[in-house]
Amino acid sequence: MGTAIQRSTVADLPSLLPLLRGYSTFYRTPARDEDLLRMAEAFCGDSPDGLQLLARTEDGTLVGYATVLWSWDTTSGTRLAVMEDLFVTEAVRGEGVGRALLEACASTARERGCTALAWETAPDNDVAQRLYDATGAERSTWLGYRLALG
């Protein structure tokens with residue numbers, strides 16, 4: 001399947017929302033549509049926070065997205081890209097869309113001067129782990145924590 005990868009724009013938000021909702025539902029989180037759209041809009045254009053890359057089929061259908069955040073790696077003192085999200089619609093999983101998005105994230109991070117691309121996934125997300133293991137990336141031994149501040 002031919003997949004085109006491009007940066008998101010404000011015009012993409014209506015077609016991106018169902019994928020954002022799909023990601024949120026997959027991880028059983030109660031994100032509100034308004035919050036998802038506000039977040040996605042923050043990544044449009046030349047955001048200092050990061051960007052969203054979109055995957056479209058040849059007919060223009062949006063079938064996946066990835067969110068990349070810009071950060072620093074204090075263990076090396078170098079720029080770090082963090083792939084916060086990678087989501088592909090169920091209809092095209094296994095057809096190379098996830099790999100194309102991951103490669104586009106890595107390429108964009110390199111262009112920005114990042115020395116690494118980092119990400120995490122749920123321990124039970126076997127489909128994503130198969131993709132990630134196939135890239136040659138090293139599994140981290142770090143544990144993730146999250147403190148709710150609300």
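The values are calculated or read from the model by the stated rules, or taken from the named source; none is laboratory data. Because the structure is a prediction, the values reported are computed rather than measured. In this analysis, Cβ positions are derived from the backbone assuming ideal geometry, glycine residues included, and neighbour counts consider all displayed protein chains.
Numerical summary
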{"read-out": "Yes/no for Leu19 being in a helix (DSSP H, G or I), among the aliphatic types (A, V, I, L, M), farther than 27 Å from Arg79 by Cβ and in contact (Cβ under 8 Å) with a residue 40 or more places away in the chain", "value": "yes"}
{"read-out": "Flag if Ala31 is within 23 Å of Ala128 (Cβ to Cβ) and free of Cβ contacts under 8 Å to residues at least 40 places away in the same chain", "value": "yes"}
{"read-out": "Pick from segment 1-40, criterion of a type in the set (D, E, K, R), surrounded by fewer than 18 Cβ atoms within 10 Å (Cβ to Cβ) and under 24 Å from Glu95 (Cβ atoms), ranking: farthest from the chain's Cα centre (by Cα)", "value": "Arg21"}
{"read-out": "Test: Arg38 is modelled with pLDDT of 95 or more, of a type in the set (Lys, Arg) and assigned to a strand (DSSP E or B)", "value": "no"}
{"read-out": "Selection count where residues are surrounded by 14 or more Cβ atoms within 10 Å (Cβ to Cβ) and either more than 12 Å from the chain's Cα centre (by Cα) or more than 18 Å from Pro14 (Cβ to Cβ) (or both), scope segment 58-83", "value": "13"}
{"read-out": "Top-ranked residue of segment 2-23 - restricted to ones that are hydroxyl-bearing (Ser, Thr, Tyr) and modelled with pLDDT of 95 or more, ranked as farthest from Thr108 (Cα to Cα)", "value": "Ser15"}
{"read-out": "Residue match in segment 131-139 (condition: at pLDDT 95 or above and either in contact with a Pro (Cβ under 7 Å, 6 or more places away or on another chain) or in a helix (DSSP H, G or I) (or both))", "value": "no"}
{"read-out": "Ser47 of a type outside the set (D, E, K, R), in a loop (DSSP other than H, G, I, E, B) and under 28 Å from Thr115 (Cα atoms)", "value": "yes"}
{"read-out": "Qualifying residue in segment 72-91 (condition: touching a strand residue (DSSP E or B) at 6+ places or on another chain (Cβ under 7 Å), without any contact (Cβ under 8 Å) to a residue 24 or more places away in the chain and at negative phi)", "value": "yes"}
{"read-out": "Residue among Ala128, Ala109, Ala122, Ala104 that is assigned to a helix (DSSP H, G or I), surrounded by 11 or more Cβ atoms within 10 Å (Cβ to Cβ) and touching a residue at least 60 places away in the same chain (Cβ under 8 Å)", "value": "Ala104"}
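Matching residues to (1) among the charged types (D, E, K, R); (2) in a helix (DSSP H, G or I); (3) more than 24 Å from Gly150 (Cβ to Cβ):
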| residue | (1), (2), (3) |
| --- | --- |
| Thr67 | no, no, no |
| Ala81 | no, no, yes |
| Leu86 | no, no, yes |
| Gly98 | no, yes, yes |
